[in-house]
Amino acid sequence: MSAPAVTPAPGRPAVLETPRRRRGSSATGGNPLVYVAALVVAAATLGPVLYAILGGFRSNAQLAAEPVGLPDPWVVSNYVNVLTSASFWRYAFNSTVISLITTVIVAVFGVMAAYPLARYQFRGRAMLTTVFTMGLLFPLTVAIIPLFLMIRDLNLNNTFWGVALPQAAFALPMTIVILRPFLMALPKELEEAAMIDGTSRVGFFWRILLPLSGPGLVTVGVLAFVASWNAYLLPLLILSDPTTQTLPLGVASFSSEHAQDTAGVLAFTSLAMIPALVFFLAMEKRIVNGLQGAVKG
Amino acid sequence: MADDVTARPTRTDVAATPRDTARAADRAPRSAARAAGGRPRASVTVEWRKRLEILFFVTPALALFAVFVVTPVLQAVRYSTYKWNGLGPMDDFVGLQNYANALRDQVFTGAVTHNLIIIVLSIVIQLPLGLAIALLLNREIRGRAAMRVIIFVPYVLAEVVAGVVWLMLLQPGGLVDAVFDGLGLSAAKQLWLGNPEIALYTVMVVLTWKYLGLAIILFLAGLQGVPTDLYEAAQLDGASWWQVQRRITIPLLGPTIRTWGFLSMIGSLQLFDMVWILTKGGPANSTMTMATYLINQGTNRSLYGYASAVAVLLFGISLVLAALYQYFVLRRDNQDAPKPRKVQR
C-alpha cells in the first residue's frame with residue numbers, strides 16, 4: 001500500500017478537491033493495485049446483473065454454446081416478448097399501486113403518530129413510544145401465519161389492501177423511530193411563535209411541521225416504498241390470483257414456468273430490475289441516509 | 001440494536017423530563033389564560049382538547065399496528081398450542097405438544113443449525129471483506145463515487161430478482177460452470193444447488209454478493225466520522241498504513257461494525273426469500289431455514305398450529321440471540337460515556 005500522503009496527487013485538478021472529499025480519505029489513490037482491486041470488486045458486483053441484461057439479448061442456443069461474451073447476433077425477441085406481454089405490465093402495475101398505497105399509509109399515519117410522541121407532554125408518552133419501538137422486534141415471519149388467516153377471513157386476500165395494510169403496519173415502527181427525533185429537533189420557538197400568533201397545535205402540524213418534515217418524510221417514504229416493492233413473503237401468501245400478483249411474484253413464477261428458456265427468464269428478470277435500479281439511482285442519497293439513520297437509531 | 005433502539009428514546013425522555021416539566025408548567029397557565037381569560041376552570045377544557053388531539057393523531061397508527069402486528073403475533077402464540085389446519089373450529093388444544101414435536105424434528109433442528117451457520121459465515125466473510133473494500137474506497141481514487149453506487153446495486157434489487165439471476169448463473173452449463181471451465185477447473189464443477197453437501201454454501205455465496213454492499217456502505221459512513229486530525233497525528237508519528245488502520249480506524253469503527261453485526265444476525269435468522277427462490281430448502285433439506293420450514297409446514301401442509309409454534313420458536317431464538325448480542329457486544333457502546341458513536345453524527 002502506498003504511504004499516506006497529505007498532499008493531493010500531482011496532476012489532479014484542484015477543483016475536484018472539495019473539503020468533503022479530502023476529509024474522508026486517509027490516503028491518496030494512485031496505486032495501480034488499488035484500481036485493480038476496485039475493478040475486481042466492481043466486476044464481481046455488476047457481473048451477474050450485466051450477464052442477465054446481456055443474456056436477455058441472446059438465444060438459448062447462444063447461451064448454451066458460449067455463456068461468456070457479447071451476444072452474437074443480438075436477439076431482441078426475448079425483450080419484445082416480455083414488453084408485449086400483458087402479464088408483465090400487470091405485475092408492474094400491481095407492484096406500483098401496492099407500493100404507493102403502503103408508502104402513503106406509512107407516511108401519513110407515521111408522521112401523525114410521531115407528532116404527539118415528539119412534541120406533546122402527556123402521561124403514557126414514553127410507554128406509547130416503547131410500544132411502537134417494540135414493533136421493531138416483531139418480524140413479519142413470526143406473524144405471517146395468523147396474518148394470512150386473518151386476511152383470508154377479512155376477505156382481503158387477492159386485494160391490494162390485503163398486502164398494503166400489513167406492510168404499512170410492519171413499516172410503522174421504523175418510520176416512527178426515524179421521524180420522532182426528526183420532529184423533536186424542530187425548534188421549540190417555531191411552535192411557540194405559532195401559538196402566540198393564534199395557531200392551534202393541529203394548525204401548527206398542518207401549516208408548519210408537515211412542510212418542514214419533508215426530508216424526513218421522503219426518507220421514510222423511500223424506505224417503505226423499496227421494502228414494499230421488493231417484498232415477497234407476504235404477497236406470496238396473500239396474492240394467489242395471478243391478476244393481482246406483484247413483480248417479484250411474477251419473476252418467480254415466470255422463472256419456474258419457463259425454466260428451460262434461460263434467455264427469456266433473463267430478459268424478464270432484467271426488465272423487472274429496471275424500476276428498482278432507476279428508483280435507486282434517483283433516490284440513492286435518501287436510501288443510504290435512511291439506512292445509516294436506521295443503524296444509528 | 002433491539003434494546004438499543006427501545007432504550008434510547010426512553011432515556012431521552014428521562015433526560016428531558018425536568019426541563020420539559022418546567023416548560024410545561026410554564027406554558028400551561030399561559031395557554032389556559034389565553035384560552036379563557038385566566039379563569040382556572042378553563043384549563044380542564046384545554047386538557048381535554050389536548051387529549052383529543054393526541055387521540056386524533058395517534059389512533060390511526062395505533063389501530064393499524066394493533067390489528068396487523070400485535071394481534072397476529074399474539075395469535076401466533078395462541079395457535080401454537082392447538083392442533084389446527086386453519087379450517088373449522090380450533091378446539092384441539094395440545095399444550096406444548098407442537099413445540100416438543102418441532103424440537104424433535106431433525107428437519108427443524110437442522111434448519112436452526114443452518115441459520116446459525118449463516119450467521120457465523122455472514123460475519124466471518126462479510127466483515128473482513130467489507131472492511132477491506134470500505135478502506136479501499138475511502139481513498140481518493142478516480143471513480144470513487146461511481147464505485148459507491150455500483151457496490152450498492154445488489155442490495156437494492158429484490159431478493160427474488162437477484163435469486164432468479166443466480167439461479168440461471170448456477171444452473172448446469174451456466175456462467176459459473178463456464179468460468180470454471182475457462183479457468184481450467186472443470187473438475188471442480190458441481191451441481192451448485194443440487195448437491196446437499198454444498199448447496200448451503202452456494203446460497204451463502206449469493207447472500208454475500210447481495211448483502212456485502214450494505215456492510216460497505218455502513219462502514220464507509222462510519223469512516224466519514226473518523227476525525228482527520230487523528231490520521232495526521234499518526235502520520236507525524238510515522239505510523240504505517242496498516243498501523244493506522246488497526247489502531248485508529250477499526251477501533252473507531254467499532255460501533256458501526258457491532259451494529260452492522262446485529263442487523264446481519266437478525267437478517268440471517270429471518271432468511272426466507274433467497275432460499276425459497278434458489279432451493280425451497282432442498283435438496284434433502286440441506287438449505288432449510290427456520291422461515292422456509294415454517295412456510296412449508298404452514299401454508300403448504302396446512303399445519304397452522306405447528307407452524308405457529310415454529311414461528312414462536314423462531315422469535316424466541318431471535319430474542320435470545322439479540323439479548324446475548326446486546327449483553328456481550330453492544331453493551332460496550334451503551335456504557336461508554338463519551339460515545340464514539342456521537343462522533344459519527
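At 1.4 Å probe radius, can you tell me the per residue accessible area of the protein assembly as shown in Å²? Could the numbers behind the result be given before it?
Working: 28150 Å² over 642 residues.
I get 44 Å² per residue for the protein assembly as shown.
Among the helices of chain A, those built from whole DSSP H runs whose Cα atoms reach 20 Å or more along their own axis and whose mean Kyte-Doolittle hydropathy is at least 1.6 are A:32-55.
When 1/r is averaged over all different Cα pairs and the result inverted, which Kirkwood radius in Å belongs to chain A? All intermediate terms of the calculation are to be shown ahead of the outcome.
Numbers: mean 1/r = 0.0434 Å⁻¹.
By the Kirkwood definition, the hydrodynamic radius is 23.0 Å.
Our compactness index for segment A:148-243, the C-alpha radius of gyration over the empirical 2.2 N^0.38 Å, is 1.48.
Helix-derived [θ] at 222 nm for the protein assembly as shown: sum -39500 (n - 2.57) over DSSP H runs of at least 4, divide by residue count, nearest 500?
-23000 deg cm²/dmol, from helical runs alone.
The apolar share of the surface of the protein assembly as shown, taken as the fraction of accessible area on carbon and sulfur atoms (1.4 Å probe, ligands and nucleic acids excluded), comes to 67 percent. Which whole-number percentage describes the relative contact order of segment B:236-297, with Cα contacts under 8 Å and a sequence gap of 6 or more? Relative contact order comes out at 22 percent.
Among the GluC sites (Glu not before Pro) within segment B:158-242, those in coil by DSSP and having at most 14 neighbouring Cβ atoms inside 10 Å are B:Glu197. In the context of the full protein assembly, B:Trp48 retains an accessible surface of approximately 140 Å², using a probe radius of 1.4 Å and ignoring ligands and nucleic acids.
For segment A:43-110, just say rounded, prolate or oblate: build the C-alpha gyration tensor, square-root its eigenvalues into a ≥ b ≥ c, call rounded for a/c under 1.5, and beyond that prolate if a/b exceeds b/c, oblate if not. Walk me through the numbers before you get to the answer.
Details: a/c = 5.31, a/b = 2.05, b/c = 2.59.
Oblate shape, in that a/c is at least 1.5 and b/c is the bigger or equal ratio.
Once backbone amide H atoms are built at 1.01 Å from N, B:Tyr82 has B:Val94 as its partners under 5 Å, excluding neighbours fewer than 5 places away on the same chain.
Rounded to the nearest 10 square angstrom, A:Trp74 shows an accessible area of 140 square angstrom against a 1.4 Å probe.
Could you tell me the relative contact order of chain A? Use alpha-carbon pairs under 8 Å, at least six residues apart, and round to a whole percent.
On the way: 269 pairs, mean separation 82.5, N = 297.
28 percent.
Protection proxy ranking for B:73-82, B:163-172, using the average of other Cβ atoms within 10 Å per residue and placing the highest first: B:163-172, B:73-82. Among the protein heavy atoms, those of A:Met150 account for about 40 Å² of accessible surface (1.4 Å probe, every chain in place).
Comparing the full protein assembly with the isolated chain, the residues of segment A:160-174 losing at least 50 square angstrom of accessible surface (1.4 Å probe) are A:Ala169. Mean separation of Cα pairs under 8 Å and 6 or more residues apart, divided by the residue count, gives segment B:213-345 a relative contact order of 27 percent.
For the peptide B:72-78, the mean number of other protein chain Cβ atoms found within 10 angstrom of a residue's Cβ is 6.
On association of chains B and A, roughly 10200 Å² of accessible area becomes buried (total for both chains; probe 1.4 Å).
The values are calculated or read from the model by the stated rules, or taken from the named source; none is laboratory data. Model, not experiment: these values are computed from the prediction. Here Cβ is always computed from backbone atoms with ideal geometry, including for glycine, and neighbour counts include all displayed protein chains. Side chains are part of the model used for accessible areas, which takes the heavy atoms of the whole protein and leaves out ligands, DNA and RNA. Shrake-Rupley method; radii C 1.70, N 1.55, O 1.52, S 1.80 Å.
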